[in-house]
1. Helix-only mean residue ellipticity at 222 nm, chain B, DSSP H runs n ≥ 4 weighted -39,500 (n - 2.57), per residue, nearest 500. What is it?
2. May I have the extent of the alpha carbons of the stretch B:138-183 along their three principal axes, as whole Å values ordered from largest to smallest?
3. To the nearest 20 debye, what is the magnitude of the charge dipole of the protein assembly as shown about its Cα centre, counting +1 on the Cβ of each Lys and Arg and -1 on the Cβ of each Asp and Glu?
4. Could you point to the residue in A:GLY191, A:PRO51, A:SER90 farthest towards the positive end of chain A's charge dipole, with +1 and -1 charges on the Cβ of Lys/Arg and Asp/Glu respectively?
5. What number does the stretch A:140-225 give for Rg over Rh if you use C-alpha atoms and the Kirkwood radius?
6. Taking the inverse of the average 1/r across all pairs of different Cα atoms in the stretch B:79-156, what Kirkwood radius in Å do you get?
7. Take the alpha carbon gyration tensor of chain A, find the square roots of its eigenvalues, order them as a ≥ b ≥ c, and report rounded if a/c is under 1.5; if not, report prolate when a/b exceeds b/c, else oblate.
8. Sorted by average packing, counted as other Cβ atoms within 10 angstrom per residue and highest first, what order do B:189-199, A:114-124, B:79-89, A:181-191 take?
Amino acid sequence: MNLTLKVWRQKNAKAKGELVSYQADHVSPDMSFLEMLDVVNEGLIKKGDDPIHFDHDCREGICGSCSLHINGRPHGPKQGITTCQLHMRSFNDKDTIVIEPWRAEGFPVIKDLSTDRSAFDRIQVAGGFISVNTGGAPDANVIPIPKVVADEAFNSATCIGCGACVAACKNASAMLFVSAKVSQLALLPQGQPERYRRVQAMVAQMDAEGFGSCTNTGACEAECPKEISITNIARMNRDYFTAKLLKSEE
Amino acid sequence: MSNFAKTFSSSLGKKLVMALTGIFLCTFLIVHLVGNLQLFKDDAGQAFNAYAYFMTHFGPIKIVSYLLYASIIIHAVYALLLTAANKKARPVAYAVQKGGQNSPWSSRNMGILGTILLIFIVVHMGDFWWKYHNAELPYAKYEISLENPNDLPKVSELPYDANRLVHSDIVDVQAGKQIVVSKDLYKIVNNAFQTWWYVLLYVVAMAALSFHLIHGFKSAFQTIGWNNSNLVPIIRFLGVWVFGVLIPLAFAAMPLYFFFFK
């Protein structure tokens, strides 16, 4: 396959970036999208040019490092996968592919396609944890948890924090991420002691990081590589309003 | 800032305000529609004029109407605040963004739809609400035979008179008739809907209402957090078929009815 790439190049956080065209020839349809970029980068290095910077780590869809807004959609045209799981057979010969970084106030560009997603870490630090007593380890399964509840909590916990929800949202809202992190603990007995403090702290941090607010378009759940549902957002809202308006202890 | 004020200045708090005012405005639509069905009555506007008088002079309804005006303003102001914050959340736009592949059109264009509706509300209230309250409207006099009350009333027009009651209803037993005199809002409505572009404005506004509510109604419940799996199908059904189809169609039928049949 021969492809034309239009890639966002930006020297550093302060520099003004622009889309630069590259030719990617002899691309195998069996390559992953990131392998294709690796090959383009090798060519650039041989020519003495600065390679295209992009985030990646595990390359098997579980770490949440890879990003890329490909032809107008986070993680490219397929549903339920990350960019590292996207293969070139999803494109056609002679296609033009526009590759941009995640665009959000909360995710400033570091260089080229690489963005600083530490805002998500700060939201987690604000409340995405549970307290555990020291001492002897309790028996496993000593607290009964209904299967449906455990499954729902696990579904929320599959969030890899890649930021595709923010990238897809027309408002750059982080509510799918935050609600998944709130839900995975709020659903389980172990998460109850900090339940209402947690949701308030995480929402406050989310707002402080400059993310937008949800208009329920559903773009986030459609683009989430882990297919996390926006029912999490409703649950987060419910807990937040309960904490703010109904409960006085928290 | 108090904790309460902080709650409503957070992103979620602002969304709650949008949801609650939105649902209130939806319930108003039902009342407004049911009342306006009087327009279809073939009685030269007697029932409609009586209804207009009731809606503007009955205490509890007046209180609710002020809540309604406040809700429209708050809904619009909070929409502006949220939109401004959302624009700030993405300072650099994408060169290519294919929202159409991951979300419905109406959900991405609530601001445009809402702006159309706000313009419509201003025009609509200016033409009917403002004129009914402040303009020198003529009066309609309905004479209804006491012997045959189901016969069509004899209608005549009385000129504007500042001393005349907005609505009066007397029974003249000697003459054998009931005489109802009302400020003639019906005539204003009828006249307005004889102009094609005015009718078109109403139909376009109702199309905007349809798309606004197809997304807005279910969205409000999602924001509040009412997403119980038994409840969601009912909310979706109401949002699409009642608020998205039935109500806008019934409202749009009014100007079309006057334009084509009156």
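Any read-out appearing in this document is the output of simple, stated calculations on the displayed coordinates, not a laboratory observation. This one's a predicted model, so the numbers in the text were calculated from it and none came from an experiment. Backbone-built Cβ (ideal geometry, glycine too); neighbour counts: all protein chains shown.
1. Counting only the DSSP helices, I get -19500 deg cm²/dmol.
2. Dimensions of the stretch B:138-183 along the principal axes of its Cα atoms: 33, 18, 13 Å.
3. Dipole magnitude for the protein assembly as shown comes out near 640 debye.
4. A:GLY191
5. 1.02
6. 18.1 Å
7. prolate
8. A:181-191, A:114-124, B:79-89, B:189-199
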